[in-house]
Amino acid sequence: MGGSFFYSVLLHVIVFAMLLFQLPAWEKRRIETVSAPIMIDLRQVEIAEKTNLPPLKTVQKPKPKAVQAPKPKPAPPQVKKTPSKVSEPKPQPKPKDAVKAVDTKVKKDTAVKPVPQSVPKPANRPAAQPLKAPAEETNDLDSLLASVEKISKKLPEPSLNDIVDTVTREGITGGVKGGVSGSLAQKLSVSEIDFIRSTVQRHWNIDPGAEGMQDMVIEIKVSVDKSGHVWDVKIVDQKRFRSDPAFRSAAESARRAIYICDKMGAESPFQIVASKHPDSYHHWKDMTFMFNPLDGNVS
Amino acid sequence: MKKWIVFVLSFLFATGAQAELKIDISGAQSNPIPIAVADFTGTSYGSDIREVIVQDLEQSGLFRIIHPDAYIQKMENVNQTPRFSDWQAVNAQALLYGSVERTDDQRLRVSFRLWDVFAGQSMEAKALTLPVQDWRRLAHMIADMVYSRVTGESGYFDTQVVYVAESGPARKRVKRLAVMDQDGANHRYLTDGKAMVLTPRFAPNMQKIAYMSFKGGKPQIYMMNLNTGREEYLGSFPGMTFAPRFSPDSKELLLSLAQNGNSEIYLYHVDDGQKTRLTNHPAIDTSPSFSPDGRQIVFSSDRSGSQQLYVMDRDGKNVKRISFGSKGTYATPVWSPRGDYIAFTKIQGGTFYIGVMRPDGSGERLITQGFLVEGPSWAPNGRVLMYFKQLPYTQDGERGQTGLYSIDITGYNERFIRTPGEASDPAWSPLLH
């Protein structure tokens, strides 16, 4: 009876917390579609995932106050370390070394992740776990479940505040350092999306004098494996594809652009994204491209 | 209970995980498509056919032929499957190859395959058969199929052009009817040059050519039967007839009749010779051209004080002016076969232009200009225009050369069409196949 009540309360709290901080699906729909025609070469500009994130401090500050008040010792080294890493990527830009800068930053990021895991954590302090490696597709769930189990085992009489605090940090941040939302942290930045866009666009070749180009929008779904290789390209409007030769031509050209990008090897925008975001595969494994021939410049 | 929680949570997170990345691609490139045209194996006609296909595709401006020296794989026969990585390595987006065989009844059978190299998919695979002497047509037909399959529009390579071949000094100019393939091959003269001819036009069914001739001293419209080669007199008109143009069904002929200083447009019924007057205005109405559906007619008239373009119903009613360009006059309008544009000659500030506008007069675009450019004629796909251009007089006062040119509707890819001598007044035939 008591167990059921506990689980019921726990579930309600989780759902309430998720609604409060927005469901991942809602959030993604709102943010993902980016159509601003910004042209930035990812390889030359230092950008990427951290542009979406507030500093780590905002998440970790509450820890000592809410949970760690009795034992403040171990926390400070970790808390200090991570923000300094996050703020590192802001040095004065050196144009020629831009690519190197991105690389080193990635290395630093990946190097940081294991550290918190290896540090012994004080008992009854799940708050120290947010620095877990960012999850893959199912890691959000694993992280959340692990937290729930720990809460149930290690906190026999948890207060509501403790549960909310723990679940919020675990579930909403998804264990990604420095972020208020795990899904946000795992998303591609505007510049990365724009890099994919500009590369594909560069290889999309159409005949501007063809009839009917003015009212043609081609939707193509692209599936990519974890290494960034395209394994499926689907032209969505098959009915028009079969009946309208001009549409078929433009759609085939668009599909070709995807394949050409795929065959660019290390220069492939998909492979670059895969190498930069191996832990957020779920976010970029399926992409929908909307090709509009005349909405911009035909150059 | 735990399972239940897992189920609910996995549902919630799965919803988030399924959200797709959405990327808008606005605008595209318009570069020629790199295509590899590999060998057409079999008989010796193979290399000739390949060469004509290459010329056609290059001439269109929409394809870039990758040089054969770059090819890694040699295609031995039409049934061989390409190694796509080899063709991707030379950046070929499409691959064409085929084989030619000669049948017992002196015909050529050409089989070909067209591949999308990067998608690794077949785009076209066909076999065509024609008499041996029509091997160029076979090549043009294959080029049309490639063009059509890749661009989504119908081709225009298997077509002919009738034009006025000019020779001799300005004061004693000889003007003859001549016909040739659109690439200048198979050229032949239709008239002997004793009478000056102007404005030849193909009938859409390719059985006749209408033109104006000064035979007998009086300028009148004649028709030449392409099957018999005989010249047919259109019938006696009270004045001078000129500017003929067939209806889409080839059963009627629009023409202008000049009488007592006035010019009106008539509809001539080819079968029974009946005439219907369509305009009745003291101004000069001329250069009529049917819309592709045959319901409307565009013509030029100076009824507003300067020569402008007008559209009327096929019965002559609902006349509307469509050209309003400032300080310019418009002439020789021709309705596009696909109906979306009207091509015209514009004279403004002493310069001649070839331009296009929508049938309602909107979207006017001037696509080429020159000392004298005139007489646009549409390719059957409504995508390319042919016209004639006269170069300026030389410093010695010699008349500039006159020749035929083609240009893409976008204003790019202007090409000179080679003819044995000087040429003017081109008219493009419909597709022959």
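The values are calculated or read from the model by the stated rules, or taken from the named source; none is laboratory data. Note that this is a predicted model, so its numbers are computed, not measured. In this analysis, Cβ positions are derived from the backbone assuming ideal geometry, glycine residues included, and neighbour counts consider all displayed protein chains. Ligands, DNA and RNA are excluded from the accessible area calculation, which covers all protein heavy atoms including side chains. Shrake-Rupley method; radii C 1.70, N 1.55, O 1.52, S 1.80 Å.
For the A and B pair, go ahead and give the buried accessible area with a 1.4 Å probe, both sides summed, in Å² to 100. Chains A and B together bury approximately 5200 Å². In a reduced charge model with +1 at each Lys and Arg Cβ and -1 at each Asp and Glu Cβ, the range B:33-151 shows a dipole moment near 160 debye about its Cα centre.
For the range B:283-289, 3J(HN,Hα) computed residue by residue from phi via the Karplus equation (6.51, -1.76, 1.60; θ = phi - 60°) reads 7, 8, 10, 7, 6, x, 8 Hz, glycine and proline entered as x.
Over the Cα atoms of the range A:192-291, the radius of gyration divided by the Kirkwood radius equals 1.00; this is the Rg/Rh ratio. In this structure, the amide hydrogen of B:E232, modeled 1.01 Å from its nitrogen in the peptide plane, lies closer than 5 angstrom to those of B:M223, B:M224, B:N225, counting only residues at least 5 positions away or on a different chain.
Once both labels are positioned 7 Å from their Cα atoms along Cα-to-Cβ, the gap between B:E232 and B:N413 label points is 3.6 nm. Potential lengthening of the chain between B:D105 and B:D302 amounts to 65.0 nm, from the contour at 0.36 nm per residue minus the alpha-carbon distance. Taking 0.36 nm per residue of separation and subtracting the Cα-Cα distance, full extension of the segment from B:V174 to B:Q395 would add 77.1 nm. Inter-chain neighbour count for A:206-216: the average number of beta-carbon atoms from partner chains within 10 Å of each residue's beta-carbon is 6. Net charge around B:D340, counting only other residues with Cβ within less than 14 Å of its Cβ (Lys, Arg = +1; Asp, Glu = -1)? Local charge sum for B:D340: -2. Accessible surface of the range B:33-151, 1.4 Å probe: 43 percent of it comes from carbon and sulfur atoms. Run a plain Debye calculation on chain B (Cα atoms as equal point scatterers, no solvent) and give log10 I(q)/I(0) at q = 0.14 Å⁻¹, rounded to two decimals, same order as the q list. Calculated log10 I(q)/I(0) at the listed q: -1.28. Peptide A:280-292 has a mean of 4 when you count, residue by residue, the C-beta atoms of other protein chains within 10 Å of its C-beta. Over all other residues within a Cβ to Cβ distance under 14 Å of B:F112, the charged ones net out to 0, with Lys and Arg as +1 and Asp and Glu as -1. Close amide H contacts of A:W204 (hydrogens built in the peptide plane, cut-off under 5 Å, sequence separation of 5 or more or a different chain): B:Q29. Here the range B:123-166 is treated with +1 on each Lys and Arg Cβ and -1 on each Asp and Glu Cβ, and its dipole about the Cα centre works out to around 180 debye. Amide H contacts of B:E252: B:S247, B:V270, each under 5 Å away and 5 or more positions distant or on a separate chain (H built 1.01 Å from N in the peptide plane; Pro and chain starts excluded). Sorting B:Y330, B:Y189, B:Y341 by solvent-accessible area of protein heavy atoms yields B:Y189, B:Y341, B:Y330, largest first, with a 1.4 Å probe. For the pair A:L19 and B:S362, label points projected 7 Å from Cα toward Cβ lie 5.0 nm apart. Approximating the spin labels as points 7 Å out from Cα along Cα→Cβ, the B:K194-to-A:R202 distance works out to 6.8 nm. Of the trypsin sites (Lys or Arg not before Pro) found in the range B:230-283, those that fall in a DSSP loop while having at most 11 other beta-carbon atoms within 10 Å are B:R230.
Which entries in the list B:K218/B:K275; A:K239/A:K276; B:K215/B:K346; A:K239/B:K251; B:K218/B:K327; A:K226/A:K263 go over 26 Å, if you measure between the two C-alpha atoms of each? Distance filter (> 26 Å) returns A:K239/A:K276; B:K215/B:K346; A:K239/B:K251; B:K218/B:K327. The charge dipole of chain B, taken about the Cα centre with unit charges on the Cβ atoms of Lys, Arg (+1) and Asp, Glu (-1), comes to about 760 debye, rounded to the nearest 20. For the range B:33-151, the fraction of C-alpha pairs farther apart than 23 angstrom is 22 percent.
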